1. For the stretch 249-281, which residues satisfy the criterion of being of a type in the set (A, V, I, L, M, F, W, C) and either within 12 Å of the ligand (Cβ to nearest atom) or more than 26 Å from residue 318 (Cα to Cα) (or both)?
2. Give me the residue from the stretch 447-461 that is open to solvent by less than 10 Å² (accessible area, probe 1.4 Å) and of a type in the set (Gly, Ala, Ser) and, out of that set, nearest to the ligand (Cβ to nearest atom).
3. Restricted to the stretch 224-248, and to residues that are crowded, with 24+ Cβ neighbours inside 10 Å and assigned to a loop (DSSP other than H, G, I, E, B), which residue is nearest to the ligand (Cβ to nearest atom)?
4. Does the stretch 423-444 hold any residues that are within 20 Å of residue 157 (Cβ to Cβ), of a type outside the set (S, T, N, Q) and in a loop (DSSP other than H, G, I, E, B), and which are they?
5. On the basis of being more than 17 Å from the chain's Cα centre (by Cα), under 25 Å from residue 17 (Cα atoms) and not in a strand (DSSP E or B), does residue 178 make the cut?
6. Kindly indicate whether any position in the stretch 194-205 is open to solvent by 10 Å² or more (accessible area, probe 1.4 Å), near the ligand (Cβ under 9 Å from one of its atoms), small (Gly, Ala, Ser) and part of a loop (DSSP other than H, G, I, E, B).
7. Being part of a strand (DSSP E or B) and surrounded by 24 or more Cβ atoms within 10 Å (Cβ to Cβ) is the filter here; which residues of the stretch 356-386 pass it?
8. Output the qualifying pairs, or none if there are none: Cβ atoms under 7 angstrom, residues six or more apart or on different chains, first residue in the stretch 473-493 and free of Cβ contacts under 8 Å to residues at least 24 places away in the same chain and closer than 18 Å to residue 128 by Cα, second residue polar (S, T, N, Q) and part of a loop (DSSP other than H, G, I, E, B).
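The values are calculated or read from the model by the stated rules, or taken from the named source; none is laboratory data. In this text, all values refer to a predicted model and were calculated from it rather than measured experimentally. Note that we place each Cβ from the backbone using ideal geometry, even for glycine, and neighbour counts take in every protein chain shown. Quick note on the areas: whole protein, heavy atoms, side chains included, nothing else; ligands and nucleic acids left out. Shrake-Rupley method; radii C 1.70, N 1.55, O 1.52, S 1.80 Å.
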Amino acid sequence: MSTTESTAVAGETTLTSVNPANGEVIATHPIADQQAVNAAVDRARGAATTWGALTYAERKKYLLRWASRLVAKSEELCDLIHAENGKPRDDAFLELLLTLEHIAWAAKNAEKVLKPRKVSPGALMSNFGAYLEQRPLGVIGVIGPWNYPIFTPNGSIAYALAAGNTVVYKPSEYSTSIGNFYTKAFAEANPELPDGVFVTVNGYGETGAALVRSDIDKIAFTGSAATGKKIMAAAADRLTPVLLECGGKDAVIVAADADIKAAADAVAYGATMNSGQTCAGVERVYVDASIRDEFVAEVKKILSDVHPGSDDKAAYGPMTMPSQIDIVRRHIEDALKNGGTAVLGGPESIKGPYIEPVVLVDVDENSAAVREETFGPTLTIRSVRSVDEAVALANDSTYSLGSTVFSRKHGLEIARRLEAGATSVNAVLGFAAISALPFGGGRDSGIGRIHGAPGMLEFTAAHSIAVQRFQIPGIALLSYARTESTMKLLRRVVPLLHGRNK
Ligand code: NAD
């Protein structure tokens, strides 16, 4: 297949990846069918015993070597990301930097997060030692999107590996070459490891579905809510646990006491960088009426000088997935039909695979541009009379992923009122760059968390061990040797332990 659209064609055995800016073919990859996926999972299962039995220090060494290999090949990798995804090389490098930060955090903190700990057995069980241990799950299936082709899947992959699991990764059909480059670097950095610690299977959604059906111990998915729901339904068959990182419709609140210039700068960037194809990118802005005109003028001024392209000076690249362009067009047209005004751009901003920034104001809150994920370089701005109104509108969404607050005095207070998985105050996307902070959402934004300690725990199962150190004479509770006097004693003790609270 060699079309500019990466779509599955029945019976095809190869997938051709193309440059979204010009349609040039980048590479052709064999498509993995169910049998090939099962074979990859078997290889990962075979390696899981060895990899899982290594010490945290050993796994740290291998993961950090992988990071260094990615650094050594960074020029080649950034060129490939630019070619296959379309984003500027500098943005590709920033994505690599964030990826390396997370690999390092996972490698260096796995032991601290997961090491066995002794917990209190409680008064009743004081003759026991109680140990809480976290075990790797085994083989993790990871399915990735294309918008941050290494950063997003890495949020699962690096943490799953650091926790002692092996990984079978299905990259997006729009970033297959990048996914294979990133995976191959792991094997190149660690030739002494057995085959199967971290492997890729390539293909479209069908290959992802085959991975969900296979003998994996958890599926970690990043992509749209619609696909996430299908994956959860399919995973129910084998009760395979799911981690779902889906879309967003992130809101920004600009309070009356905000630094207007800083807020406008952050909003302009957060809405359009990566062509607006960011799960936690800015999509909706609620600004206090008292500063609205100044804020809108500032956003417009900044974005008037921001242009997409494929050269090194471009602020952002083409839309990676051609079908997304129609969604962006529909949202702009619907917004304008429903009382909105475009203060910058409009439907004419869509020029081939490139979309110039579009700023829409006073759009009906029920229109597609406010309710659905647009995933393009557009934003809506609405003025509000109070922080209460801004919080209510921000929270009124089927998504709940990221959010942003601009306020000099009340940032943290407003952040705590937002129904989101993460909030950045007086900057956009701060949470995504802090490795210790978990990332993820609720509702249509998904289930579970990547990054940080919670993101590491996602790839483990608790194993509780209770060791009887000695028997208390006459107090055998879990035995037919239990006596009447033991029960009498218990009836006296229980009110003392639990019955004194008025
Ligand atoms: P998508 O849902 O179309 O595809 C994601 C992946 O799922 C691809 O690899 C695809 O081949 C695979 N897939 C498709 N159908 C499948 C099926 N039935 N079973 C198993 N796998 C299947 O999403 P996309 O267009 O690649 O990515 C964009 C979406 O990802 C946006 O909604 C964006 O918000 C979201 N996203 C979320 C996060 C996050 O961390 N929450 C990060 C990045 C992107």
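1. 253, 254, 255, 256, 258, 260, 262, 279, 280 - these are the residues of the stretch 249-281 that are of a type in the set (A, V, I, L, M, F, W, C) and either within 12 Å of the ligand (Cβ to nearest atom) or more than 26 Å from residue 318 (Cα to Cα) (or both).
2. The residue in question is 455.
3. Restricting to residues being crowded, with 24+ Cβ neighbours inside 10 Å and assigned to a loop (DSSP other than H, G, I, E, B), the top hit is 247.
4. Residues satisfying the conditions are 434, 436, 437, 438, 440, 441.
5. For residue 178, the condition - more than 17 Å from the chain's Cα centre (by Cα), under 25 Å from residue 17 (Cα atoms) and not in a strand (DSSP E or B) - is met.
6. So far as the stretch 194-205 goes, no, none of its residues is open to solvent by 10 Å² or more (accessible area, probe 1.4 Å), near the ligand (Cβ under 9 Å from one of its atoms), small (Gly, Ala, Ser) and part of a loop (DSSP other than H, G, I, E, B).
7. The answer is 358, 359, 360, 378, 379, 380, 381.
8. 474/483
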